[in-house]
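The values are calculated or read from the model by the stated rules, or taken from the named source; none is laboratory data. The model shown is predicted, which means the values in this text are computed figures rather than measured ones. Please note: Cβ atoms are built from the backbone with ideal geometry, for glycine as well, and neighbour counts cover all protein chains shown.
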Amino acid sequence: MELLADIAYGRSGDKGDVCNIGIMAKRPDLYPRVLQCVTPDSVRRHLAGLVTGDITVYRLDNIEAVNVVMRGALGGGATRTTRFDQTGKAMGTALLRMPIGELS
Amino acid sequence: MTRRVRIGSGSAYWGDMFEPAVALAERGDVSYIGFDFLAELTMSIFQRAKAKDPEKGYIPDLLTLLRLILPAAREHGVKLILNGGAANPAAAGRAVAALAAELGYKGLRVGTVSGDDILGQLDDLATSGWVFENLDTGERGLDSVRGDVVAAHAYIGSEGIVGALADGADIVITGRVADSALYVAPLMHEFGWTFEDPDWDRIGAAITLGHLVECAECVTGGMSNVWDLARCPWDIGFPILDVTDASDGVSAVLEKTPGSGGIVNQWTVKEHLLYETHDPASYLMPDGIGDFTTLQIEELGDDRVRLTGMSGRARPETLKAQIGYRDGWIGEGQVVFSWPDAPGKARRGMEFLQHRFAQAGIDPLALEMRFLGVDALHGDVAPPMPTDPDELCLRVAARTRTREEADVVRREVTHLWTVGGLGTAFGTPSPPRPVIGLWPTLVPRAAVNVSWNVEEVR
């Protein structure tokens, strides 16, 4: 099964209860597929249970990357969440597990 | 006229490694090193330390680090800019001056920057009609938490550091400045830029560059998609910005300490460009707005990357502020179930806890039960549990209103050590910890009075 990790790198971090994930196409020619696969809807479906708020996907055509910004994403934020991954460092790898066969 | 300056980054957080920072001072050929010690929670921790002792409230690592790095910094004329003053830059300055005197650095000039602490101004601002809208939740007005507020700090910009550098400071110690300001400040100072006659593309470039290095090792192969390619991470090199200010704008080469481990390439720069950011066209900082969508990245080889095309816009008239308030407790525990039938024992263990919590009348605000090594990181996104694992580590965490409730959670997990199934093992339980809730908001720039002070070590 083809995963987002096959065509892109990703890294996540936190600000309060907002988690963002930078997703970078591994090659320029893969960027259009990244844009097709990484949408607010696909991210919401894949990370259901982890993210409760709005999701925005910003484009960075200059580096063939997108920035996924998710609100209500960390169980209240690093200081009050009961999650083990308090600062959302593994949210990016969670998204990289997303199957993309049917998305592009 | 084309000018150049080299700036290193020496710390990403409170607790970071000291040796790579010392190596930067010794071998980096840098004029400045910036150090970040502060996370969102840190200010509340140190505000409470300061409340107990007026000479505390700054990062204790500051003195350990300076003792190690001052010899090389003095020998090579490296100026140090550190936000380790946390909630008490003035006390940190006194402690640093005493350390410098002890080490024999008479004549060293120690600067401190203050004004970020706005705890004493909250009520006046509220009276004047400011509503402190919570940027996470949209809630307006601090009424629901005001009685529990322990800290309030605005993210101030570079102006205090620039002032201290202009007054000849060799070391500048700040509280809650924006991380990027640790790097914007020396660029403003060296290149003679001002906010009176601002060039926002240049300042936007400085903000972008500061953002790229502010987490030190996180742009040189730490926390990286290409970590497997990073050489000798135990000798990781911290980043260096070699910045050029020319008639056509600002460009830079991002590199790392010569002879160090780690890696710098397009991926380490891209992954950090987006790290902990929101709208990449509007990276809002107190010094201006960085636009990351115009940056061009070119690999030069040998762990060097050229950065051009950076731009920005005018600084906002509001400053971000973080208000910390007491927000209950977290009780936590771990227990490891053994083969045979570790999953079955784990299920009964969780059932045990639910019953015991109910019997004790505990009603946690949030309760998390996940298996370390299975789904503690990715939750429901993780693949199903393996069919017959040799061991399973259950982690339980609950957020509660009171310390007593949190302690019940901790205690009941430990009871599984003896009341649980055969072969159940355990680690050391951690005591309940107080929760600091964070209220991110904006405050008017005009309400924040940044000042600085530089004193010579005698």
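Annotations for the structure displayed:
- Filter result for residue B:387 (surrounded by fewer than 15 Cβ atoms within 10 Å (Cβ to Cβ) and touching a residue at least 60 places away in the same chain (Cβ under 8 Å)): no
- For segment A:9-30, filtering for residues that are within 12 Å of another protein chain (Cβ to nearest Cβ) and farther than 17 Å from residue B:277 by Cβ leaves 4.
- Those residues of segment A:60-91 which are more than 8 Å from every other protein chain (Cβ to nearest Cβ) and of a type in the set (Lys, Arg), in sequence order: none
- Scanning segment B:260-301 for residues that are touching a Ser or Thr at 6+ places or on another chain (Cβ under 7 Å), among the acidic types (Asp, Glu), under 23 Å from residue B:314 (Cβ atoms) and within 13 Å of chain A (Cβ to nearest Cβ) yields a count of 1.
- Filtered residues of segment B:106-132 (kept if buried (at least 16 other Cβ atoms within 10 Å of the Cβ), of a type outside the set (A, V, I, L, M, F, W, C) and in contact with a strand residue (DSSP E or B) (Cβ under 7 Å, 6 or more places away or on another chain)): B:109, B:111, B:112, B:114, B:115, B:116, B:117
A quick yes/no check of all residues on (1) more than 30 Å from residue A:77 (Cα to Cα); (2) in the same structural domain as residue B:95 (by TED's automatic domain parsing); (3) at pLDDT 95 or above:
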position: B:18; (1), (2), (3): no, yes, yes
position: B:27; (1), (2), (3): yes, yes, yes
position: B:31; (1), (2), (3): yes, yes, yes
position: B:44; (1), (2), (3): no, yes, no
position: B:52; (1), (2), (3): no, yes, no
position: B:62; (1), (2), (3): no, yes, yes
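- Filtered residue count, segment B:281-335, keeping only those that are part of a strand (DSSP E or B), in contact with a helix residue (DSSP H, G or I) (Cβ under 7 Å, 6 or more places away or on another chain) and small (Gly, Ala, Ser): 7
- The requirement of being under 34 Å from the mean Cα position of the chain (by Cα), surrounded by fewer than 21 Cβ atoms within 10 Å (Cβ to Cβ) and within 14 Å of another protein chain (Cβ to nearest Cβ) is not satisfied by residue B:394.
- The numbered conditions (1) touching a Pro at 6+ places or on another chain (Cβ under 8 Å); (2) buried (at least 24 other Cβ atoms within 10 Å of the Cβ) are all true for residue B:227 except (2).
- Taking the numbered list (1) surrounded by fewer than 23 Cβ atoms within 10 Å (Cβ to Cβ); (2) touching a residue at least 24 places away in the same chain (Cβ under 8 Å); (3) assigned to a helix (DSSP H, G or I) in turn, residue B:160 passes all entries but (1).
- Residue match in segment B:417-424 (condition: in a helix (DSSP H, G or I) and either within 14 Å of chain A (Cβ to nearest Cβ) or more than 13 Å from residue B:333 (Cβ to Cβ) (or both)): yes
- Scanning segment B:224-259 for residues being within 14 Å of chain A (Cβ to nearest Cβ) and among the hydroxyl-bearing types (Ser, Thr, Tyr) gives a total of 1.
- The C-beta contact set for segment B:325-354 (first residue more than 28 Å from residue B:435 (Cα to Cα), second residue among the hydroxyl-bearing types (Ser, Thr, Tyr), distance under 8 angstrom, 6+ apart or interchain) comprises B:337/B:424; B:338/B:424; B:345/B:338; B:345/B:424.
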